[in-house]
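Only the coordinates and a few stated rules stand behind these numbers; no lab work does. Just so we're clear, the structure is a prediction, and the values are computed from it rather than from any experiment. Every residue, glycine among them, receives a Cβ derived from its backbone with ideal geometry; neighbour counts consider all protein chains shown.
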Amino acid sequence: MTAPPPFPLHAQRFASLDIIRGVAVLGILLLNIVGFAMPGAAYENPRAYGGWHGADLLAWGVNFVLFDGKMRGLFSFLFGASLLLVTERAEASGRDPGRVHYTRMGWLLAFGLAHLWLVWDGDILAHYALVGMIAYPLRRLPTERLVILGLLLALAATAMFALIPLQVWTLEHAAPGLAATPVHARQFQSFADTFGTPSAQAITRELARYRSGYADILQARFVENATMPVTMLFFYGPETLAYMLLGMASLRSGFLTGAWQRQRYRRWLRRSWGVAVPAYCILAAWLIATGFGLLPVTLAGLTLTAPFRLLMIVGWICLLQLLLKPGRGIALRLAAVGRMAFTNYLASSLICTTLFYGYGLGWFGHLSRWQLYPVVFAVWALILLWSKPWLLYFRFGPLEWVWRSLAHRSLQPMRRTAPA
């Protein structure tokens, strides 16, 4: 993964990056839909809510093996690659790359916090902005060192994730005297409400909250998520930074740009998924066999999957490079979705919160797990249908234009002089 590109990266626009970003934006909704539509514990544990048998179990299994964490990882790879492209283009045009980058990240943080507190508490933009600020000084590392540091950070992230099942195990094996204390009971129930089977009272509270009006939801969101970006930075930051650095290395090596020979992509796909897919299937079977107990969910879902997630992300990139040819068929629409990723990500949140929350149609908690996916496919259809026509007449997506104008401190040209 160390071959240099044939000419400066900043001088090119890579359609493959837009296509992969488009797939990632659409794929993220496969997981986020559970966060929009059900109590929070259902995201980690299908037994918590929404059904865990039959079609519901199948929907969980497919997402667990193929998509959960992998789409977010793809997006993190692309974020790192974009960071590198933007700063190199700034340098090539004589601008201060640090000022350009940190201005962009500052506004992205503002958008993320607004999204987190005003729209949906599953925001990832604020997290990317904070990690992007950390990643900037590392962009000049040689490709090999980016890979090594990325792998070390991924290993550190795995160790970080292991703290949760360790705490659960400690609580489950506490001495009888300690286990009888109110403090122990509260700690254990807190983990159960997040990763296990929540109490009936916790489910009732969450259903009532998200079926209520906007003011009640907003108040709860401010109370519970005031410091969430800092918490996420501590817990998920090492993994996200690892993926961003590996994204930079992947861009330089040609892996992300489609510059490798097809046989090489096939070889990496076989190697990565040949290990990771069976591992995920074994972990899924173990979770089902244990009835999605609290310790298995935290151990398998957080810790044991972490080493294989990176292999799955690599395999996804290889698969997309092999299947989707830039400028042809569905790849054109996916590329348009990717070029408008910021707009489409936030549009998905606005659409889904309107469908599921009490100030909209109030579907929260009313659909089983498998019934969420016709909603996902409908949102996908809207995004795929509108992104390409929009870019025929405009240079950027609506929010991309706002972000770009704020970062440049002036209104950027929006309309094309002629349809693309």
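Points to keep in mind about this one:
- The HN-Hα couplings worked out from phi for region 399-414 by the Karplus form 6.51 cos²θ - 1.76 cosθ + 1.60 (θ = phi - 60°) are 6, 4, 5, 4, 4, 5, 5, 5, 5, 8, 6, 7, 5, 8, x, 9 Hz, whole numbers, x standing for Gly and Pro.
- Hz values of 3J(HN,Hα) by residue in region 299-305 - Karplus curve (6.51, -1.76, 1.60), Gly and Pro given as x: 6, 6, x, 9, 9, 5, 7
- Shape of region 111-156 from the C-alpha gyration tensor: prolate (a/c of 1.5 or more and a/b above b/c, with a ≥ b ≥ c the square roots of its eigenvalues).
- For region 377-392, putting each phi into the Karplus relation 6.51 cos²θ - 1.76 cosθ + 1.60 with θ = phi - 60° gives couplings of 5, 5, 5, 4, 4, 4, 5, 5, 6, 9, 5, 5, x, 4, 6, 5 Hz, in residue order, rounded to whole numbers and with x for Gly and Pro.
- Each label was represented as a point 7 Å from its Cα along the Cα-to-Cβ direction; for residue 102 and residue 121 these points are 3.3 nm apart.
- Virtual spin-label span in nm between residue 184 and residue 92, 7 Å along Cα→Cβ: 6.3
- Among 21, 309, 95, the largest mean-square fluctuation in a Gaussian network model of the chain, built with springs joining Cα atoms closer than 10 Å, belongs to 95.
- Three-way shape call for region 68-115 based on the alpha-carbon gyration tensor, with the a/c threshold at 1.5: oblate
- Net charge of neighbours whose Cβ lies under 15 Å from the Cβ of residue 383, counting Lys and Arg as +1 and Asp and Glu as -1: +2
- The charge dipole of the chain, taken about its Cα centre with unit charges on the Cβ atoms of Lys, Arg (+1), Asp and Glu (-1) only, comes to about 1720 debye.
- Neighbours of residue 73 by Cβ distance under 9 Å: Lys/Arg scored +1, Asp/Glu scored -1, total +2.
- Under 5 Å from the amide H of residue 394 lie the amide H atoms of 416, each residue being 5 or more positions distant or on a separate chain, with H modelled from the backbone and absent for Pro and chain starts.
- When the Gaussian network model of the chain links Cα atoms closer than 10 Å, the mean-square fluctuations of 73, 132, 254 top out at 254.
- Note on residue 201 and residue 405: the extension gain reaches 68.8 nm, defined as 0.36 nm multiplied by sequence separation minus the Cα-Cα distance.
- Each Lys or Arg adds one and each Asp or Glu takes one away; over the other residues whose Cβ falls under 9 Å from the Cβ of residue 335, this sums to +3.
- Positive-end residue of 355, 201, 295, charge dipole of region 9-408 with Cβ unit charges: 355
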